[in-house]
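Q: Below is a structure I'd like to ask you about.
The values are calculated or read from the model by the stated rules, or taken from the named source; none is laboratory data. As the structure is a computational prediction, the values presented were derived from the model and not from experiment. Every residue, glycine as well, gets a Cβ built from its backbone with ideal geometry; the counts of neighbours run over all protein chains shown. Side chains included, ligands, DNA and RNA excluded: accessible areas come from the protein's heavy atoms. Shrake-Rupley method; radii C 1.70, N 1.55, O 1.52, S 1.80 Å.
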Amino acid sequence: MKTKSAMWMICLLCLMLALAGCGSQNTAAPAEEPEVSEPADNGGEAAGEEAAAPGEEGINWEERIAANKAVGKITYITGFNYSASAPNINVAAAIEMGLFEELGLNVEIQPGVEAESMKLLAAGRAQFAGAGSASTVIQAIASGGRIEPMSVMSPVGLNALMVLADSGIEELTDLEGKTLGYKAAFPPNFRAMFINAGVDLDKVEMVSVGFDPTILNTSNVDAITVFKSNEPFQMEQKGFKVKLFDPADYGVKNSFGLLNVNKEFAEKNPTVAEDFLRAVLKAHELLMEDATPTIAALEKMAEGNYNLEAETNRWAVESQLIVDSKREGLPLGWATPEQWQAELDILQDAEALSGEVTVDQLNITKYLEAIYDGEELIWKE
């Protein structure tokens with residue numbers, strides 16, 4: 001009887017030790033070995049759910065970094081060449097400062113233009129891509145692109161309408177009977193601005209022009225669409241005085257600096273998506289201290305086709321807009337459902353969408369929620 005009791009106790013002790021050992025191990029699935037052309041799966045939704053609550057158990061950085069490394073090379077395509085505009089400059093800074101590497105990410109940056117960048121992102125030719133405006137992202141999603149916006153650097157737009165200061169155009173209605181030049185396509189937010197200002201659009205001739213703002217000093221056009229951080233500076237450098245009409249002054253809400261991810265890639269590699277964004281936003285903190293080395297790095301990437309002075313100004317203007325427009329109490333990069341709805345309404349009113357899009361498809365906060373504790377970015381110690 002004593003022998004049987006002793007054996008029973010030994011078995012019970014072994015069972016308890018085995019259970020304790022299992023409880024101390026991480027339950028996330030190990031990262032798979034990646035193929036040459038396809039990023040690896042590092043644990044799917046389970047890994048993403050575990051990473052989304054860092055305040056409870058903490059982050060196992062060693063395991064997370066190993067999973068990130070297993071994915072292999074990650075491609076980011078810029079929204080406009082090698083411009084010093086968010087989030088392009090943030091990605092370049094994260095590469096130059098070793099922030100991606102610190103988190104186990106191997107990132108390459110390729111130049112692009114946002115409309116084409118969205119197509120490449122949707123096709124899986126890149127894992128991440130930047131966009132200068134929300135409208136481009138919304139239109140890509142409406143066309144069936146499996147894209148998720150991860151962050152929006154500023155809830156104000158960069159677009160403006162520029163005229164010469166001595167043009168005699170004091171109000172937007174003064175453009176009736178005159179010619180307006182735009183790049184590629186007439187932006188829907190300008191249409192909304194004109195309607196709000198009471199402009200009869202049928203009385204404004206609209207023509208597609210190039211990227212040289214000095215066309216404004218010719219008889220070809222009386223006004224052109226511009227970016228606040230670019231063409232006004234170029235014109236002032238050439239000795240021209242200009243005036244801007246801002247859509248925001250006419251009740252038109254826009255945003256800029258969107259970082260986007262291929263949805264399928266993010267579903268397979270949630271911690272990679274989170275840590276990519278984490279490094280981008282950490283880079284922003286450091287850029288606010290000194291962006292000069294990163295802008296110099298972008299100039300080098302451009303291989304000579306670069307206006308260093310103009311790009312330095314671009315960052316100065318845009319970084320200040322980001323500071324001035326940050327929503328109090330929310331992480332940097334956070335967009336609200338109301339913001340998305342306003343942007344969506346502009347496109348729907350202009351009949352500029354090829355398919356249905358809902359705010360739920362746009363208002364993606366899970367990535368920011370995973371990497372922030374309140375307004376403090378969670379970083380590897």
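Q: What number of residues within region 118-137 are farther than 20 Å from ARG278 by Cα, in contact (Cβ under 8 Å) with a residue 60 or more places away in the chain and not in a helix (DSSP H, G or I)?
A: Residues that pass the stated criteria total 2.
Q: Additional query: Looking only at region 326-352, count how many residues are within 14 Å of LYS253 (Cα to Cα) and under 16 Å from the mean Cα position of the chain (by Cα).
A: Count: 5.
Q: Any chance region 290-310 includes a residue that's surrounded by fewer than 24 Cβ atoms within 10 Å (Cβ to Cβ), of a type in the set (D, E, K, R) and under 23 Å from SER135 (Cα atoms)?
A: Taking every residue of region 290-310 in turn, none turns out to be surrounded by fewer than 24 Cβ atoms within 10 Å (Cβ to Cβ), of a type in the set (D, E, K, R) and under 23 Å from SER135 (Cα atoms).
Q: Filter region 71-117 down to residues that are in a helix (DSSP H, G or I), farther than 16 Å from PHE256 by Cα and open to solvent by less than 20 Å² (accessible area, probe 1.4 Å), then give me how many there are.
A: Result for region 71-117: 6.
Q: Sticking with this one: Looking for something within 25 Å of ASN159 (Cα to Cα) and touching a Phe, Trp or Tyr at 6+ places or on another chain (Cβ under 7 Å) - is there at least one such residue anywhere in region 228-239?
A: Within region 228-239, none of the residues are within 25 Å of ASN159 (Cα to Cα) and touching a Phe, Trp or Tyr at 6+ places or on another chain (Cβ under 7 Å).
Q: Let me ask you something else. (1) touching an Asp or Glu at 6+ places or on another chain (Cβ under 6 Å); (2) without any contact (Cβ under 8 Å) to a residue 12 or more places away in the chain: which one isn't true of LEU103, the others all being true?
A: Only one criterion in (1) touching an Asp or Glu at 6+ places or on another chain (Cβ under 6 Å); (2) without any contact (Cβ under 8 Å) to a residue 12 or more places away in the chain is unmet by LEU103, namely (2).
Q: Please work out if TRP334 is among the hydrophobic types (A, V, I, L, M, F, W, C), at pLDDT 95 or above, open to solvent by 50 Å² or more (accessible area, probe 1.4 Å) and not in a helix (DSSP H, G or I).
A: Yes: the conditions hold for TRP334.
Q: Moving on to the next point. Looking only at region 247-278, which residues are in contact with a Lys or Arg (Cβ under 8 Å, 6 or more places away or on another chain) and closer than 18 Å to ALA370 by Cβ?
A: Across region 247-278, the qualifying residues are ASN262, LYS263, THR271, ASP275.
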